[in-house]
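For reference, the structure is listed below as structure tokens.
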Amino acid sequence: MWKKTKAEQQFDLYGSWHAAYLDGDKATLEKLQNEKVIDKMGVSNLIGESSKVGIVGTFNEELLEMGRFSLYKGRYPEKDNEIMIELQQLSNMGMDLEIGQKVGVDLTIETINEDFGPYIMELNEKFYNEKVMPDYLQHHETPFQNIGETTIVVSNDYFFYYPQGSGSDPELIRETGLLHNQKVILKREFEIVGIIQNYTDKWDLDGYPSPNAFITEEAGDIYLDVFYNNEIEDFSEYKMENYNIF
């Protein structure tokens, strides 16, 4: 009886999953889903990170069962505009430990981070041969689009190295300058319907991230749909696949 009670306490603290595959892609997920020896699989897709609520991930029913999450208040999210947040994260945000509050969740995904040194070196040789003096500009722009209840903002930083006296309008900068940094910000408002007891400080995930906030798989799909099906830019080559599989 004592051993059984101790085991239950450990399950409540650390979850009841037997193995974890972290930072997996969709191909890995589908392969594991087809394994006959696996009868249950808890899955969370880490959609992105927010400065307010931390790492945001989806959940399925199996993950709730295996994770043995303990609710401090409220319930698990059921709709695509609902979220549950870890207790310590709400405290860090300086928010009241109450459900029913609205919170803006801005997820930032860095899609480009490139050193512009090689770009300058290549053009330096060209300008030297042509005996022209170079000049440079830095250009920043933030196109955005509202899609349903979600806003996508694309933050672009260009470095433009060019011969003095030549044109430098924004269109030319986009065409011939270097887009060295790009961030995609996905903005959406949620209602806090649940607060879960701290668990990320207890699970031994060997340094891999785990969500501080959970949304439904439907809400995750909305983020992905806006990311891949906007009219600002094509991000089809960027894979938003970061699955924690238990």
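The values are calculated or read from the model by the stated rules, or taken from the named source; none is laboratory data. Since the model is a prediction, treat every value here as computed from it, not as a measurement. Glycine gets a Cβ as well: all are built from the backbone with ideal geometry, and neighbour counts include every protein chain shown.
Values computed for the structure shown
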| read-out | value |
| --- | --- |
| Test for Gly74: is it surrounded by fewer than 21 Cβ atoms within 10 Å (Cβ to Cβ), among the small types (Gly, Ala, Ser) and at pLDDT 95 or above | yes |
| Checking Ile109 against (1) of a type outside the set (Phe, Trp, Tyr); (2) surrounded by fewer than 18 Cβ atoms within 10 Å (Cβ to Cβ); (3) under 14 Å from Phe190 (Cα atoms), the condition it does not meet | (3) |
| Residue in segment 113-121 that is crowded, with 17+ Cβ neighbours inside 10 Å and either assigned to a helix (DSSP H, G or I) or outside the structural domain of Gly220 (by TED's automatic domain parsing) (or both) present | yes |
| Filtered residues of segment 208-242 (kept if crowded, with 20+ Cβ neighbours inside 10 Å and either in a strand (DSSP E or B) or free of Cβ contacts under 8 Å to residues at least 24 places away in the same chain (or both)) | Ala213, Phe214, Ile215 |
| Subset of segment 132-158 (residues that are touching a residue at least 24 places away in the same chain (Cβ under 8 Å), outside any strand (DSSP E or B) and exposed (fewer than 13 other Cβ atoms within 10 Å of the Cβ)) | Met133, Gly148 |
| In segment 209-246, the residues that are of a type in the set (D, E, K, R) and farther than 26 Å from Met93 by Cβ | Asp225, Glu231, Glu233, Asp234, Glu237, Lys239, Glu241 |
| Matching residues, segment 43-66, being aliphatic (A, V, I, L, M), over 11 Å from Asn212 (Cα atoms) and in a strand (DSSP E or B) | Val43, Ile47 |
| Residue count for segment 159-176, restricted to those that are in a strand (DSSP E or B) and either of a type outside the set (Phe, Trp, Tyr) or in contact (Cβ under 8 Å) with a residue 40 or more places away in the chain (or both) | 3 |
| Subset of segment 182-200 that is within 20 Å of the chain's Cα centre (by Cα) and outside any strand (DSSP E or B) - its residue that is nearest to Leu64 (Cα to Cα) | Tyr199 |
| Single condition Glu98 does not satisfy, out of (1) part of a strand (DSSP E or B); (2) within 30 Å of the chain's Cα centre (by Cα) | (1) |
| Residues within segment 123-143 that are among the acidic types (Asp, Glu) and in contact with a strand residue (DSSP E or B) (Cβ under 7 Å, 6 or more places away or on another chain), tallied | 2 |
